[in-house]
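What follows is a short report on a single structure.
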Amino acid sequence: LVEATRLITVPGRKCTSGKTVPLQDANFTKFVGELRTASLNAYKAAQAKDQDQILDAAEKLGVACSHCHTMFREKTPEQGGETARCTRS
């Protein structure tokens, strides 16, 4: 997951919609940073083999993912959208 944060910030990268990844958006950058931090913490928790740390890390990963997906991920017609992938909802 840590490596994924590097990959999604490669300049010129495209979303599946064909739109450019919103690297200039401050929220996107912040959310990628949250994902990187949460991923590093999950790795450390796995190394420690500590179930409580892993559960905490999993929760933080979920929150980090939801921040970005809530704002930038496509919305279904039932959610009030069509396709807003890589655009601010």
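Screening the range 4-21 for residues that are under 12 Å from the mean Cα position of the chain (by Cα) and of a type outside the set (A, V, I, L, M, F, W, C) and picking the one that is least open to solvent (accessible area, probe 1.4 Å) gives Thr5.
Restricting attention to the range 58-78, and to residues there that are of a type in the set (Ser, Thr, Tyr) and open to solvent by less than 70 Å² (accessible area, probe 1.4 Å), which single residue is modelled with the lowest pLDDT? Result: Thr76. Scan the range 43-57 residue by residue and report those that are open to solvent by 70 Å² or more (accessible area, probe 1.4 Å) and of a type in the set (A, V, I, L, M, F, W, C). If the condition is that a residue be open to solvent by 70 Å² or more (accessible area, probe 1.4 Å) and of a type in the set (A, V, I, L, M, F, W, C), then Ile54, Leu55 are the ones that fit. So which residues in the range 1-47 are within 20 Å of Thr70 (Cβ to Cβ), of a type in the set (Asp, Glu) and outside any loop (DSSP other than H, G, I, E, B), if there are any at all? Glu34 - this is the single residue of the range 1-47 that is within 20 Å of Thr70 (Cβ to Cβ), of a type in the set (Asp, Glu) and outside any loop (DSSP other than H, G, I, E, B). Assess whether Gly81 counts as being at pLDDT below 95 and exposed (fewer than 14 other Cβ atoms within 10 Å of the Cβ). No: the conditions fail for Gly81.
Pairing residues of the range 49-74 that are farther than 14 Å from Val32 by Cβ and touching a residue at least 24 places away in the same chain (Cβ under 8 Å) with residues that are of a type in the set (Ser, Thr, Tyr) and in a loop (DSSP other than H, G, I, E, B), at Cβ distances under 8 Å and at least 6 apart in sequence or on separate chains, gives Glu74/Ser17; Glu74/Thr83. With respect to the conditions (1) modelled with pLDDT under 95; (2) open to solvent by less than 70 Å² (accessible area, probe 1.4 Å), Glu34 lacks only one, and its number is (1).
The values are calculated or read from the model by the stated rules, or taken from the named source; none is laboratory data. Small disclaimer: the values here were computed from a predicted structure and weren't measured. All Cβ positions, glycine included, derive from the backbone under ideal geometry; neighbour counts span all protein chains shown. Just the protein is used for accessible areas: all its heavy atoms, side chains included, with ligands, DNA and RNA removed. Shrake-Rupley method; radii C 1.70, N 1.55, O 1.52, S 1.80 Å.
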